Amino acid sequence: MAGKTLYDKVWDAHVVRQEADGTALLYIDRHLVHEVTSPQAFEGLRLAKRQPWRINSMVAVPDHNVPTIGLEHGITDPVARLQVETLDANCRTFGITEFNIGDIRQGIVHVIGPEQGATLPGMTVVCGDSHTSTHGAFGALAHGIGTSEVEHVMATQCLIQKKMKNMLISVDGKVGAGVTAKDIVLTIIGEIGTAGGTGYAIEFGGEAIRELSMEGRMTVCNMAIEGGARAGMIAVDDTTINYVKGRPYAPKAEDWEAAVAAWQDLHSDADAVFDRVIHLDAASIQPQVTWGTSPEMVLPVDGKTPDPANETDPVKASGIRAALKYMGLEANMPITDVQIDKVFIGSCTNSRIEDLRAAAEVAKGRKVAANVKLAMVVPGSGLVKQQAESEGLDKIFIEAGFEWRAPGCSMCLAMNADRLEPGERCASTSNRNFEGRQGQGGRTHLVSPAMAAAAAVTGHFADVRTL
Amino acid sequence: MEKFTVHTGLVIPLDRSNVDTDAIIPKQYLKSIQRTGFGPTLFDDWRYLEPGEPGMDHSKRTPNPDFVLNAPRYAGASVLLARENFGCGSSREHAVWALTDYGIRAVIAPSYADIFFNNSFKNGLLPLTLPAEVIDQLFVEAQATEGYQLTVNLEAQQVVTPSGAAFAFSIDEFRKYCLLNGLDDIGLTLQHADDIRAYEAKRKQTAPWLF
């Protein structure tokens, strides 16, 4: 019998019961909750007179609607305020742990879970947010769910699921200097396409992945969903275990010893069979910039925008034409010729301490270019912000002309006041360049934190390696 | 949940691939704490010429005459014909709520993003898959024929065109059963509460740190 993949192992350990048609009841260890996708689920519980199954599996935090400036005035948008207050009230009513606005532990749900040790290797983790794939960096099976499933997990601690297929993406060898986790994952999405991972759990492996820090691994798994895969995973190793150790929710004493022993098995067996295997050569990966309105529309920094005239598939050609038009770009343009209006460094993809260090290193001693109207840095959590400030990163950013903000999802999806105006172009470390994502008519180019900082100080996309 | 058995409805063709959930329902409307009322802002950025915000009277906004949803011939459509990877992006179930609130009962596309696909079944919306060449043919017919209707028969797992051509689709048995009967799957899962408790008791022995 063939060995098991990492996904097989975590899946098998969580099957409560299995029906003949392959539908399984899967047990959920950790349920992360935020204000946007939970109110209707709590309301559903109330209407059906149900109680949450296991309150201590839940951790809640407001993040999507939280202002990043002027927090002393509270949330001024009454609709957003009601949503956050609804989360607060639901957590109080049901006795759920919540990191409220003003708590140093508050931040983006996918930053605070790992930061608190609430995400552990081998867990099943769900949240009503597609970027829950982030937590797969810990060898956890983690994926986004809709609000009906949020209610289902609250009420039953389980999900009704069918097993996904297994894909291995192996990034072989080492990446060059100046190439980051973001560049790796954007290259992968460019390779497999935005639906390439649909129906799969993707395991990221290979030397370049193993050499990443936990922050880098989270960036890669975070964007598995942009390649269509609900779940991305990375095998557990010493990097994982050293990150988890000592965090508030991490196991202690004998439990820690037992957990570490159990986690040693959280990797794919040597003879595991994957339904699809893709190899990428790490050395060939360059810093990436998206040019279009889907994360698969991505270029190496020395690339040019595509020409629809060279595309034989008419549906794809019309997609390229529509994207160029929306983005206000011409065919065959070097991406480094594209000037920007705003810079956003933040989001569940790239707002952790390592991301801020990488951006600060580029910003240090330089100034935000005159044509850039706003360059903002939004740390992923209060604790990330505190850490960055203790290292003096805030001063570097402010000195260079960046705004240093309070934690939240911010301009990744522009539910709060941070947004692009129609036609504005942004170098963004977030995860989606969809039409209108950062504000109606806004134009988003996805890049790494270092590349965002390079764009900020030059006023256009630039190769951070030759700055 | 509303049952889905047989539905015949006017078809609206949305000829774009990778339609994401941000396009289906933009972020500003996700601030609502309700499940209803998203229909008027379905495809908001494409549908209206001015930017929209929650609380507006959307009937007073200017419809974009170039967007298919605003063509008078598609008024009252309940079957959405779409391209590949429909519903990609965010997990927001609001996208499904916007479609159902607008009156869409079934989506027909060559492929869907996983989370959107899953969310649809929880709300009585049938996302069915047909081969790309059949979809191409349906697009041609729907665009050529005013008042073009399709019949979706879930029991028989068939889509039937006005000319009587029938296309079979496959669907997971459990999902079909829930849709046909309009079942709340939380109730179904709670029938297995003893199994869940037994799993927890066993797991507490082997991995106590998870509790």
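The values are calculated or read from the model by the stated rules, or taken from the named source; none is laboratory data. None of these values were measured; they are calculated from a predicted model. A quick note on method: Cβ atoms are made from the backbone with ideal geometry, for glycine too, and the neighbour counts reach across all protein chains shown.
When the criteria are applied in full, B:D101 meets the requirement of being at pLDDT 95 or above, charged (D, E, K, R) and touching a Gly at 6+ places or on another chain (Cβ under 6 Å). Does A:M411 satisfy the condition of being within 14 Å of another protein chain (Cβ to nearest Cβ), in a helix (DSSP H, G or I) and in contact (Cβ under 8 Å) with a residue 24 or more places away in the chain? In short, yes. B:L125 fulfils the conditions (1) away from every other protein chain (no Cβ under 11 Å); (2) surrounded by fewer than 21 Cβ atoms within 10 Å (Cβ to Cβ); (3) not small (G, A, S) except for a single criterion, (2). Selection over the range A:54-98 of residues that are within 9 Å of another protein chain (Cβ to nearest Cβ) and either touching a strand residue (DSSP E or B) at 6+ places or on another chain (Cβ under 6 Å) or hydroxyl-bearing (S, T, Y) (or both) gives a count of 2. Counting only residues that are closer than 19 Å to B:R35 by Cα and out of contact with any Gly (no Cβ under 9 Å at 6 or more places or on another chain), the range A:47-77 holds 2 of them. Within the range A:158-175, does at least one residue satisfy the condition of being touching a residue at least 24 places away in the same chain (Cβ under 8 Å), under 20 Å from A:S268 (Cβ atoms) and among the basic types (K, R)? Yes, there is a match, as at least one residue in the range A:158-175 is touching a residue at least 24 places away in the same chain (Cβ under 8 Å), under 20 Å from A:S268 (Cβ atoms) and among the basic types (K, R). Scanning the range A:253-274 for residues that are surrounded by 13 or more Cβ atoms within 10 Å (Cβ to Cβ) and either assigned by the TED database to the domain that holds A:I335 or not in a helix (DSSP H, G or I) (or both) turns up A:D265, A:L266, A:H267, A:S268, A:D269, A:A272, A:V273, A:F274.
Annotation note: Cβ proximity below 7 Å between a residue of the range A:72-101 that is part of a loop (DSSP other than H, G, I, E, B) and a residue that is among the small types (G, A, S) (sequence gap 6+ or interchain) occurs for A:I96/A:A60. Within the range B:1-43, the residues that satisfy the criterion of being within 9 Å of another protein chain (Cβ to nearest Cβ), part of a helix (DSSP H, G or I) and within 16 Å of the chain's Cα centre (by Cα) are B:T21, B:D22, B:A23.
Taking each residue of the range A:343-372 that is assigned by the TED database to the domain that holds A:E215 and looking for partners that are surrounded by fewer than 24 Cβ atoms within 10 Å (Cβ to Cβ) and outside any helix (DSSP H, G or I) with beta-carbon atoms closer than 9 Å, six or more apart or interchain, yields nothing. Please verify whether A:A322 is surrounded by fewer than 20 Cβ atoms within 10 Å (Cβ to Cβ), part of a loop (DSSP other than H, G, I, E, B) and assigned by the TED database to the domain that holds A:C409, treating the condition exactly as stated. Answer is no for this residue. Looking across the range B:159-207, the residues that are charged (D, E, K, R) and over 23 Å from B:L10 (Cα atoms) come down to B:D172, B:E173, B:R175, B:D184, B:D185, B:D194, B:D195, B:R197, B:E200, B:K202, B:R203, B:K204.
Per the conditions (1) without any contact (Cβ under 8 Å) to a residue 24 or more places away in the chain; (2) within 27 Å of the chain's Cα centre (by Cα), the sole criterion not satisfied by A:V289 is (1).
Selection within the range B:177-195: residues that are assigned to a helix (DSSP H, G or I) and acidic (D, E). The member of this set that is farthest from the other protein chains (Cβ to nearest Cβ) is B:D194. For the range B:195-205, the criterion of being over 30 Å from A:A261 (Cβ atoms) and surrounded by fewer than 15 Cβ atoms within 10 Å (Cβ to Cβ) is satisfied by no residue at all.
Every residue in the range B:130-160 that is surrounded by fewer than 21 Cβ atoms within 10 Å (Cβ to Cβ) and touching a helix residue (DSSP H, G or I) at 6+ places or on another chain (Cβ under 9 Å), please. Of everything in the range B:130-160, those that are surrounded by fewer than 21 Cβ atoms within 10 Å (Cβ to Cβ) and touching a helix residue (DSSP H, G or I) at 6+ places or on another chain (Cβ under 9 Å) turn out to be B:L130, B:E146, B:G147, B:L154, B:E155, B:Q157. Could you tell me which numbered condition A:R46 fails, if it satisfies all but one of (1) more than 11 Å from chain B (Cβ to nearest Cβ); (2) buried (at least 20 other Cβ atoms within 10 Å of the Cβ)? With respect to (1) more than 11 Å from chain B (Cβ to nearest Cβ); (2) buried (at least 20 other Cβ atoms within 10 Å of the Cβ), A:R46 is out only on (2).
Screening A:A427 on (1) among the aliphatic types (A, V, I, L, M); (2) outside any helix (DSSP H, G or I); (3) over 22 Å from A:I189 (Cα atoms) shows it passes everything except condition (3).
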